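Engineer: The following block contains the structure, expressed as structure tokens.
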Amino acid sequence: MECSNGHATVPSDRYFMRLLAYASPQKEGDLERAIHAIKKDNKYVEVPDYDMFPAQGWDPLFRDAGIKPEDKRGEDSGIEERERSKMCIKKLESLLSPPAAFFQGHLAGELPSIVDAIGCTPLVRLSRIAAAAGCACQLLGKCEYLSAGGSVKDRIARGMITTAEADGLLADGAAIIEPTSGNTGIGLALVAAVKGYRSVAVMPMKMSAEKHSIMNALGATILRTPTKAAWNDQDSHIALSIRLQNEMNAQNKVKKEAYAKCDGVGTKADARQPACILDQYRNVANPASHFFGTGAELLHQCGTKLDMVVICAGTGGTLTGIGKRIKLALPECLVVGVDPVGSILADPTETPGKPYLVEGIGYDFVPTVLDRDVTDFWIKVTDAEGLLCSRLLLKLEGMLVGGSAGSALAGTFKAIERMGWSDDPTKRIALILPDGSRNYTSKFVSDEWMADKGFLEPMALHRQYPEYKSLTIQSLELPRLRFVSAHIPLVEAAAQLMKSPQRFLVVVDTTAAQAEAEKDGVPLAHLLGTVSQKGLLMALGDMPNDTTIETIAETDTPVYNKATPLSRVAQSLELRSFILVESDGVVNAAVGADQLLQAFIAKK
């Protein structure tokens, strides 16, 4: 088992960016020229009336469905019309009916609940992407994003709850608590809603707002923890989950003892828990759900003809379960693990790197459910490579996938190159597409977000702000920036924010705050992040008041130099309320929408 970043010819983020450019419509094409023309000249057009349905003469299409040649209706003079109707019906029926296989599958009848619609996802050829990349291999995507809850994690949510029920671990209406990156939380909330349990998802702040909103709508309680907290820190999502479970069970024990004293009878032994962490990191139902479910489906769908399967690793349950099932049936089939740069799953001897943007995969520890020996080798993938490939799946294959699906695709191309299979049309390679783009509409699905992170060129954005192109940050009159120390508590940070003319906080290390903030700015090396009014408000609702401000500081606020055009600043302000400004490596100002609007008015 080995880890590979590939060799010199392995595809890079620039390669995937070229593919994405190929997949994108040309901006100077006829469509763009026409749009530009209609914006300039609002010509009158005739808008048609919409007639009533009966006037269209469509009734025979629906009334005569299934008509037989021997059917006789009306006079002989209507035979020709009925024949034309029958021909039209037959054509539409052949074009629009479900495939015959549908009527033999379990979805052909009614299901007891949405839980029964989990899994059974299609395996789809990725022919257009393979052709665009010049790859002769047969690429097959297992569309886990089409599961009932929208991700591969639906399977383990159902599996962990049903096995806990079978083992008698869950009390009626129990609270199911889970440290999660979001998708497991969505799956658990979905199953819990059907089965009458409460669900609690504890997840880091970096996870998308879309996941938070979906879980909330499913009835889950959501607790957020600092993104930078290591897995074994006391303020991590794992530690907070354990703390909540212990507290709920302790309260329940006290309550039961009090009832027993009132009734004059002893407490009855009951193994069922009012609060339970199913723990996807250690629960055997995680890999088992994929061994007996996903892996078995994949083998059946590919007709046991498979040369490689590529799987991203998060908890590792998907990789372990599918990998073991594949190796059992097809020992020669390669199992490739994909790990984001910054994670240690591919090589646990590495020190965790800087935070990465792709959600749901990679960790700073090796979960129990990950059997690293199941892989033949590992591939490391950058954020740029993964997210650009997700956009490719959207644009070329019409697949509404999430970011980790792109990491799987990027890893697939790298693995194919490593094996020297690019020109071999006999090789069949399956990759798991874990979740959908529903969870990331404010992130990689957004052109503005991608450009802000440096994954797309700003020129690709819809709004170019030509009125600002001739102006730079240097042309603005900006007030002096104020800073706060990293170690002040949230309540004190709120007090300082209310006294400041700034609508945000710039967090620096304590030394810088004491010695340099009173000068002309703070060196970039001392900058720890920023906190918006909204971010501080939400943190006060989620965390203890004595939590330090550094804990919630956002590290992705752009820092531009004074030569940056205001058109680029305007594009950045579509995603946030301000950006920071540096001069000679010293952060000394910020720009918000107010300053840009003032510059626009002054220019006019």
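Engineer: Binning at 20 Å from 0, report for the chain what percent of all alpha-carbon pair distances ends up in each bin.
Structural biologist: 16, 42, 32, 9, 1, 0
Engineer: Take region 359-405, drop everything but the C-alpha atoms, weight them equally and run the Debye formula without solvent; then report log10 I(q)/I(0) at 0.19 Å⁻¹ to two decimals.
Structural biologist: Evaluating at q = 0.19 Å⁻¹ gives log10 I(q)/I(0) of -0.76.
Engineer: Antiparallel as a % of all DSSP beta bridges within the chain, to the nearest 5?
Structural biologist: Taking every DSSP beta bridge within the chain, about 35 percent pair in antiparallel fashion.
Engineer: At 0.36 nm per residue, and after removing the present C-alpha to C-alpha distance, how many nm does the segment from Ala100 to Ala495 gain when stretched out fully?
Structural biologist: Stretched out fully, the Ala100 to Ala495 stretch lengthens by 135.5 nm.
Engineer: Let me ask something additional. Which value in Å is the Kirkwood Rh of region 153-277 over different Cα pairs?
Structural biologist: 15.3 Å
Engineer: Quick check on region 97-213: take the gyration tensor over C-alpha atoms, sort the square-rooted eigenvalues as a ≥ b ≥ c, and tell me if it's rounded (a/c under 1.5), prolate or oblate.
Structural biologist: Since a/c reaches 1.5 but b/c is at least a/b, the shape of region 97-213 is classed as oblate.
Engineer: Taking R0 as 25 Å, what's the FRET efficiency between Ala55 and Cys88 from their Cβ-Cβ distance, rounded to 0.05?
Structural biologist: Efficiency, rounded to the nearest 0.05: 0.90.
Engineer: Using only alpha carbon pairs under 8 Å that are at least six residues apart, calculate the relative contact order of the chain and give it in whole percent.
Structural biologist: This gives 13 percent for the chain.
Engineer: Also, I was wondering about something else. Need the list of lysines near Lys153 for cross-linking: C-alpha distance under 16 angstrom, and skip anything on the same chain fewer than eight residues off.
Structural biologist: Lys142, Lys211
Engineer: A further question on this structure: Just tell me which aspartates and glutamates come within less than 17 Å, Cα to Cα, of Lys253; anything on the same chain fewer than 8 places away is out.
Structural biologist: Asp172, Asp263, Asp270
Engineer: Let me spell out the model: positive unit charges on the Cβ of Lys and Arg, negative unit charges on the Cβ of Asp and Glu, origin at the Cα centre of the chain. What dipole size does that give, in debye rounded to 20?
Structural biologist: Roughly 200 debye, rounded to the nearest 20.
Engineer: Next question, about the same structure. Residues with amide H under 5 Å of Thr225's amide H, sequence separation 5 or more or different chain, H placed in the peptide plane at 1.01 Å from N; which?
Structural biologist: Placed amide hydrogens put Met203, Met205 under 5 Å from Thr225.
Engineer: Counting other beta carbons within 10 Å of each Cβ, put Tyr281, Tyr15 in order, fewest first.
Structural biologist: So the residues, fewest neighbours to most, are Tyr15, Tyr281.
Engineer: Once amide H atoms are placed 1.01 Å from N in the peptide plane, what residues at a sequence separation of 5 or more from Val341, or on another chain, have their amide H within under 5 Å of its amide H?
Structural biologist: Placed amide hydrogens put Val381, Thr382, Asp383 under 5 Å from Val341.
Engineer: While we're on this one: Amide H of Ala589: which non-local residues (sequence gap of 5 or more, or other chain) have their own amide H closer than 5 Å, using H built in the peptide plane?
Structural biologist: The list, which skips near neighbours in sequence, is Val581.
Engineer: Ordered by residue, what ³J(HN,Hα) values in Hz, to whole numbers, does region 97-103 give under the Karplus form 6.51 cos²θ - 1.76 cosθ + 1.60, where θ = phi - 60° and Gly and Pro are x?
Structural biologist: For region 97-103, the Karplus-derived couplings read 6, x, x, 4, 4, 4, 6 Hz, x marking Gly and Pro.
Engineer: Here's another thing I want to ask about it. Read phi for every residue in region 148-161 and hand back ³J(HN,Hα) as whole Hz from Karplus 6.51 cos²θ - 1.76 cosθ + 1.60, θ = phi - 60°, with x for Gly and Pro.
Structural biologist: 3, x, x, 7, 4, 6, 4, 4, 6, 4, 4, x, 5, 6
Engineer: Still on this structure, I have one more. How big is region 289-447 by the Kirkwood estimate over distinct Cα pairs, in Å?
Structural biologist: Taking the inverse mean of 1/r over all distinct Cα pairs, region 289-447 comes out at 15.7 Å.
Engineer: Using per-residue counts of other Cβ atoms within 10 Å, averaged over each peptide, order 183-190, 106-113 from highest down.
Structural biologist: Top to bottom by mean Cβ count within 10 Å: 183-190, 106-113.
Engineer: Remind me, relative contact order of region 153-277 in percent, using alpha carbon pairs under 8 angstrom and six or more residues apart?
Structural biologist: Contact order relative to length: 28 percent.
Engineer: Show that you can apply the helix-only estimate: for the chain, add -39,500 (n - 2.57) for every DSSP H stretch of four or more residues, divide by all residues, and state [θ] at 222 nm to the nearest 500.
Structural biologist: -11000 deg cm²/dmol
Engineer: Would you mind checking the pairs Lys195/Lys324; Lys354/Lys414; Lys90/Lys395; Lys354/Lys453; Lys324/Lys427; Lys206/Lys469 and listing those with alpha carbons more than 25 angstrom apart?
Structural biologist: Result: Lys195/Lys324; Lys90/Lys395; Lys206/Lys469 exceed 25 Å.
Engineer: Based on the alpha-carbon gyration tensor of region 309-356 and its eigenvalue square roots a ≥ b ≥ c, which shape applies: rounded if a/c is under 1.5, prolate if not and a/b is larger than b/c, or oblate?
Structural biologist: It comes out prolate by the Cα gyration axes.
Engineer: What FRET efficiency do you get for Ala602 and Gln464 if R0 is 25 Å and r is their Cβ-Cβ distance, rounded to the nearest 0.05?
Structural biologist: Once the sixth-power term is evaluated, E becomes 0.80.
Engineer: Using r as the Cβ-Cβ distance of Glu477 and Glu247, and R0 as 60 Å, what FRET efficiency do you calculate, to the nearest 0.05?
Structural biologist: 0.70
Engineer: Related question: Using a basic spin-label model with each label point 7 Å from the Cα along Cα→Cβ, how many nm lie between Arg272 and Lys255?
Structural biologist: 1.4 nm
Engineer: Can you classify region 464-603 as rounded, prolate or oblate using the Cα gyration tensor, where a ≥ b ≥ c are the square roots of its eigenvalues, rounded means a/c under 1.5, and otherwise it's prolate if a/b beats b/c and oblate if not?
Structural biologist: prolate
Engineer: For the pair Ser113 and Ala166, how long in nm is the line joining their label points, each one 7 Å along Cα→Cβ?
Structural biologist: A separation of 1.7 nm, rounded to one decimal place.
Coordinate-derived values only; no laboratory data. For clarity, every value in this text was computed on a predicted model and none was experimentally measured. Quick reminder, even Gly has a Cβ in these numbers, built from the backbone with ideal geometry, and neighbours come from all protein chains shown.
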